[in-house]
Amino acid sequence: MSKHVNNPKTAQWQAMSRAHHLAPFSDYKQLAEKGPRIITEAKGVYLWDSEGHKILDGMAGLWCVAVGYGREELVEAAATQMRQLPFYNTFFQTAHPPVLELAQAIAELAPPGMNHLFFTGSGSEGNDTMLRLVRHYWACQGQPNKKIIIARENGYHGSTVAGASLGGMKGMHEQGDLPIPGITHIPQPYWFGEGGDKSPEEFGLWAADQLEAKILELGVENVAAFIAEPIQGAGGVIIPPESYWPRIKEILAKYDILFVADEVICGFGRTGQWFGSDYYGLKPDLMTIAKGLTSGYVPMGGLIVGDKVFDAIEAHGDFNHGFTYSGHPVAAAVGLENLRILKEEGIVERVRAETAPYLQSRLRELAEHPLVGEVRGVGMLGAIELVRDKATRTRYPDEVAAGMVCRGHCFTNGLIMRAVGDTMIIAPPLVISRAEIDELVEKARKCLDLTLRDLSA
């Protein structure tokens, strides 16, 4: 990799950012003052910025670069497809080989009975599609009043109008008069942050029972679906207590509503199983996908539709919904090659048997740190809770911004670790090695030490 210390182009690029670029989820005044970090190169699990700093990417881009950076096979798949058929739409009773082959490949990996694919450009679009398809399904069943979708507080389902409404993040709802009608939220299964004096088991049952209470409050005749991430990602890698999903499954079996698993983060090996639904033994009717589908090399998302839902809508004419880039041939070709790499190299199996247990074991060592209240994780997902008092799980005051202090130290010490409030989270590429896991944990420990020093001062 080339090195560009004191690269004069850094300032030029940062000036372009100030003048023209609106970045996602950014304070534009703050960003203009600091200037963005300019990432110029990547290989394996590492990034390099325009100043030549080497950074271990503990977030796999944005939860998505499953097979690591620099996979020439994915570059070649895109180039070959671009030469042959760079674009054609899938409207008007038309298709092309890559999208059909990818649909079949995903159906073969999905849980039983999940055999149909609607492709989008992102997970957000996948959840918009889900909302429309769920309501269309019930209308086809002669129950058009079943419109309400129940989601969870602090869940994340994208940032389109429907996606942000489905998500339960107050900061997003405050901008744009959200959520839209027909979407409601129940408490999240976040024991560390909200469990109080309950044991994890008691709290998991209580949180699950909120679904049944909400169904009964709204009337089952009005409820269309429940949507949830198997593990809440952007909310802070919130892993439900062991009692949670079994009780949720009992409630879902009892009432006539659909279950949507948002697999945008958990899908394609992140938990050590192909899907989070496999990890927890869930039986969704629909599954939203994106991110690991193409390892982020090309934008693509989608919705896996179960046979029950498809059979009901098939006989009812058009589904009046779609995107110019639904099933884009280049994205589909990259997705196919990405799935081939994941399968033929046994990456998901290696995560499950070897690297995830090692990562989780090494991460747990950080629980002894005086700043850490809890370490948790599944597969290639992890969270480190920063606290002022370990015994009482008491946080630092909001104005201290302990998580942002820690993130700053990570940035300057060669590690990407994300802060969600005062929860530090990781989701490294699935191909990370044991030696790279050691490096990640030691860098995290150093950053925790530096954060504690600053907070103590």
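Okay, here's what the table says:
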quantity: Residue count, segment 157-180 (criterion: out of contact with any strand residue (DSSP E or B) (no Cβ under 9 Å at 6 or more places or on another chain) and not aliphatic (A, V, I, L, M)); calculated: 10
quantity: Hits in segment 1-27 (condition: within 29 Å of the chain's Cα centre (by Cα), assigned to a loop (DSSP other than H, G, I, E, B) and loosely packed, with under 12 Cβ neighbours inside 10 Å); calculated: LEU22, ALA23, PRO24, PHE25, ASP27
quantity: Filter result for ASP49 (out of contact with any Leu (no Cβ under 7 Å at 6 or more places or on another chain), closer than 19 Å to THR412 by Cα and acidic (Asp, Glu)); calculated: yes
quantity: First in segment 441-457 and without any contact (Cβ under 8 Å) to a residue 40 or more places away in the chain, second anywhere and assigned to a helix (DSSP H, G or I), Cβ under 8 Å, 6 or more apart; calculated: LYS446/HIS409
quantity: Selection count, segment 411-427, where residues are free of Cβ contacts under 8 Å to residues at least 60 places away in the same chain and surrounded by 22 or more Cβ atoms within 10 Å (Cβ to Cβ); calculated: 2
quantity: Enumeration of residues in segment 120-133 that are touching an Asp or Glu at 6+ places or on another chain (Cβ under 9 Å) and either closer than 11 Å to LEU286 by Cα or of a type in the set (Phe, Trp, Tyr) (or both); calculated: GLY126, ASN127, MET130
quantity: Complete set of residues in segment 61-70 that are open to solvent by 20 Å² or more (accessible area, probe 1.4 Å) and either on the phi < 0 side of the Ramachandran plot or in contact (Cβ under 8 Å) with a residue 60 or more places away in the chain (or both); calculated: GLY61, LEU62, CYS64, TYR69
quantity: Matching strands (runs of 3 or more DSSP E) fully within segment 358-457 where at least 1 residues are under 23 Å from the mean Cα position of the chain (by Cα) and of a type in the set (D, E, K, R); calculated: 372-378, 381-386, 418-420
quantity: Neighbours by Cβ (under 9 Å, 6+ apart or cross-chain): first from segment 373-398, without any contact (Cβ under 8 Å) to a residue 24 or more places away in the chain and within 23 Å of PRO357 (Cα to Cα); second basic (Lys, Arg) and open to solvent by 20 Å² or more (accessible area, probe 1.4 Å); calculated: VAL375/ARG364
quantity: Residue count, segment 253-265 (criterion: touching a helix residue (DSSP H, G or I) at 6+ places or on another chain (Cβ under 8 Å) and either within 29 Å of ARG376 (Cα to Cα) or of a type in the set (A, V, I, L, M, F, W, C) (or both)); calculated: 9
quantity: Those residues of segment 33-60 which are outside any loop (DSSP other than H, G, I, E, B), under 28 Å from the mean Cα position of the chain (by Cα) and without any contact (Cβ under 8 Å) to a residue 60 or more places away in the chain, in sequence order; calculated: LYS34, ILE39, THR40, GLU41, ALA42, LYS43, TYR46, TRP48, ASP49
quantity: Options VAL330, VAL351, VAL305; residue that is touching a helix residue (DSSP H, G or I) at 6+ places or on another chain (Cβ under 6 Å) and either farther than 30 Å from PRO429 by Cα or in contact (Cβ under 8 Å) with a residue 24 or more places away in the chain (or both); calculated: VAL330
quantity: Residue selected from segment 107-159 under the condition within 15 Å of THR288 (Cβ to Cβ) and either free of Cβ contacts under 8 Å to residues at least 24 places away in the same chain or among the polar types (S, T, N, Q) (or both), by the criterion surrounded by the most Cβ atoms within 10 Å (Cβ to Cβ); calculated: ASN127
quantity: Members of segment 266-312 found to be in a helix (DSSP H, G or I) and open to solvent by 20 Å² or more (accessible area, probe 1.4 Å), listed by number; calculated: ASP278, TYR279, TYR280, LYS291, ASP307, LYS308, PHE310, ASP311
quantity: Given (1) outside any helix (DSSP H, G or I); (2) at pLDDT below 95, number of the condition GLN30 does not satisfy; calculated: (1)
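Condition check ((1) open to solvent by less than 40 Å² (accessible area, probe 1.4 Å); (2) farther than 25 Å from GLY123 by Cβ; (3) among the hydroxyl-bearing types (Ser, Thr, Tyr)) across all residues:
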{"residue": "ILE215", "(1), (2), (3)": "yes, yes, no"}
{"residue": "GLY219", "(1), (2), (3)": "yes, yes, no"}
{"residue": "VAL223", "(1), (2), (3)": "yes, no, no"}
{"residue": "PRO230", "(1), (2), (3)": "yes, no, no"}
{"residue": "GLY233", "(1), (2), (3)": "yes, no, no"}
{"residue": "ILE238", "(1), (2), (3)": "yes, no, no"}
{"residue": "TYR244", "(1), (2), (3)": "yes, no, yes"}
{"residue": "LEU252", "(1), (2), (3)": "yes, no, no"}
{"residue": "ILE257", "(1), (2), (3)": "yes, no, no"}
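The values are calculated or read from the model by the stated rules, or taken from the named source; none is laboratory data. Just so you know, these numbers come straight off a predicted model, no measurement behind them. When we count neighbours, we look across all protein chains shown, and the Cβ atoms used for this are built from the backbone with ideal geometry, even at glycine. For the accessible areas, the whole protein counts, side chains as well, though only heavy atoms, and no ligand, DNA or RNA atoms are used. Shrake-Rupley method; radii C 1.70, N 1.55, O 1.52, S 1.80 Å.
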